[in-house]
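Visitor: I have a structure here, written as structure tokens, and I will follow up with some questions on it.
The values are calculated or read from the model by the stated rules, or taken from the named source; none is laboratory data. Since we're looking at a predicted model, the values are computed, not measured. Don't worry about glycine lacking a Cβ; one is built from the backbone with ideal geometry, like all the others, and counts go over all protein chains shown.
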Amino acid sequence: MSPDSNSACAFAPASVGNIGVGFDLLGHAIDGPRDLARVRRIDAAQVRVDAVRGAVAGTDAIPLDPQRNTAGRALQALRESLGLPWGFALELEKGIPLGSGLGGSAASCVAALVAANALLERPLPREALYPFALDGEAAASGSRHGDNVAPMLLGGVAMATPERLLALPVPEWLHCVVVHPDQVLETRRSRAALADPFPLEVVVAHHTHLALFLTGLARGDAALIAAGLRDVLVEPRRAPLIPGFAAVKAAALKHGALGSSISGGGPSVFAWFASRAQAEAAAAPMRAGFAAAGFEARSHVSPVAGPRAELLP
């Protein structure tokens, strides 16, 4: 599609949802896999998903029905909210593996919104795209949670409440490793593991860790970040769904990680480090943890302050 005033292309990066202690609340973007969206303005007052392509497995199973497609539903919500008399035609290029815990469903809708926003006579501020991204995310997960879409819209670490998104301070020395095994864990199954109530003492411990973690980010204090980056709430229930998780986390901690946990709903695993050199040294041992369980894996080393979604030429 040649660039003109009636079309736009944008990318959205992969992300680490939850960051362990911030279930459905925190996330950060990573410099690694990304999705692309090409959006064209059309005369018909509708949203069409014309194509979904990409090298990742399962791309052909992504629905073209805009109501069931995360990007399609996000654009529908944008159109309806603004009362646009015209519509959008959408093509997606998937670069983020499906069911990976890297925010693949969120990336599609964020990339589509950033591209479509550029076609408006008066483009909206980034924050104004957030509710439409939540609508899109709900098409895949069944709930409006922003821990992936918020950091994709803002970059770096973001706090995502039901009503707003906030960029959080990130020390530039913070780096991460994200390891994605050849496993698929659907978000709905991962969330189902959390259905039973949690004991009050576990909830209190979790809140304590979250407070330490956020304070550590604000102060740029590695010791406080490490004290807080311990998920005692969600990780114990989801870890059994990810063969090799314990070995991957142990390898990260052995190589100096401030903390390690499940990325989003899994099966990817992330770890934070106080330098890029430490992160790069830990990547291979973390992959080996999955290999010992019989799964090949790929790793991505990135600043925690990863990029936000942007338009492409």
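Visitor: Scan region 134-150 for residues that are part of a helix (DSSP H, G or I) and touching a residue at least 40 places away in the same chain (Cβ under 8 Å) and jot them down.
Guide: The answer is Asp135, Gly136, Glu137, Ala138, Ala139, Ala140, Ser141, Val149, Ala150.
Visitor: Looking at region 179-205, I want the residues that are at pLDDT below 85 and have a partner that is of a type in the set (Ser, Thr, Tyr) with Cβ atoms under 6 Å, at least 6 apart or on another chain. Which pairs are those?
Guide: Taking only residues 6 or more apart or on different chains, the pairs are Thr187/Ser141.
Visitor: Is there a residue being in a loop (DSSP other than H, G, I, E, B) and acidic (Asp, Glu) anywhere in region 18-36?
Guide: yes
Residue-by-condition table, conditions (1) within 19 Å of Thr187 (Cα to Cα); (2) out of contact with any strand residue (DSSP E or B) (no Cβ under 9 Å at 6 or more places or on another chain); (3) buried (at least 20 other Cβ atoms within 10 Å of the Cβ):
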| residue | (1), (2), (3) |
| --- | --- |
| Gly17 | yes, no, yes |
| Pro33 | yes, no, yes |
| Ala44 | no, no, no |
| Val47 | no, no, yes |
| Gln76 | no, no, yes |
| Glu80 | no, yes, no |
| Gly83 | no, yes, no |
| Gly101 | yes, no, yes |
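Visitor: Also, I was wondering about something else. Assess whether Val49 counts as being within 17 Å of Leu129 (Cβ to Cβ), assigned to a strand (DSSP E or B) and out of contact with any Lys or Arg (no Cβ under 7 Å at 6 or more places or on another chain).
Guide: No, not satisfied.
Visitor: Also, quick follow-up: Of a type outside the set (Val, Ile, Thr), at pLDDT 95 or above and more than 28 Å from Leu166 (Cβ to Cβ): is that true of Glu93 in this structure?
Guide: Yes: the conditions hold for Glu93.
Visitor: Given the condition surrounded by fewer than 19 Cβ atoms within 10 Å (Cβ to Cβ), in contact (Cβ under 8 Å) with a residue 60 or more places away in the chain, of a type outside the set (D, E, K, R) and more than 19 Å from Gly17 (Cβ to Cβ), answer yes or no: does some residue in region 248-259 qualify?
Guide: No, region 248-259 contains no residue that is surrounded by fewer than 19 Cβ atoms within 10 Å (Cβ to Cβ), in contact (Cβ under 8 Å) with a residue 60 or more places away in the chain, of a type outside the set (D, E, K, R) and more than 19 Å from Gly17 (Cβ to Cβ).
Visitor: Moving on. Have a look at Gly264, Gly289 and point out the one that is modelled with pLDDT under 95, surrounded by 17 or more Cβ atoms within 10 Å (Cβ to Cβ) and not assigned by TED's automatic domain parsing to the domain that holds Ala158.
Guide: Gly264
Visitor: OK, next. What number of residues in region 195-216 are touching a helix residue (DSSP H, G or I) at 6+ places or on another chain (Cβ under 6 Å) and of a type outside the set (Phe, Trp, Tyr)?
Guide: Matching residues across region 195-216 total 4.
Visitor: Follow-up question, since we're still on this one. Please pick out the residue among Asp60, Asp65 that is surrounded by fewer than 20 Cβ atoms within 10 Å (Cβ to Cβ), free of Cβ contacts under 8 Å to residues at least 60 places away in the same chain and assigned to a helix (DSSP H, G or I).
Guide: One residue alone meets the criteria, Asp60.
Visitor: How many of the residues making up region 217-242 are touching a helix residue (DSSP H, G or I) at 6+ places or on another chain (Cβ under 8 Å) and either part of a loop (DSSP other than H, G, I, E, B) or polar (S, T, N, Q) (or both)?
Guide: 6
Visitor: Moving on. Name the one entry in Ala158, Ala112 that is in the same structural domain as Val52 (by TED's automatic domain parsing), within 30 Å of Ala284 (Cα to Cα) and either without any contact (Cβ under 8 Å) to a residue 24 or more places away in the chain or in contact with a Gly (Cβ under 8 Å, 6 or more places away or on another chain) (or both).
Guide: One residue alone meets the criteria, Ala158.
Visitor: Being in contact with an Asp or Glu (Cβ under 8 Å, 6 or more places away or on another chain) and assigned to a loop (DSSP other than H, G, I, E, B) is the requirement here; does Gly101 meet it?
Guide: No; evaluated as a whole, the condition is false for this residue.
Visitor: If you go through region 191-228, how many residues are in contact with a Pro (Cβ under 9 Å, 6 or more places away or on another chain) and hydroxyl-bearing (Ser, Thr, Tyr)?
Guide: Number of matching residues: 0.
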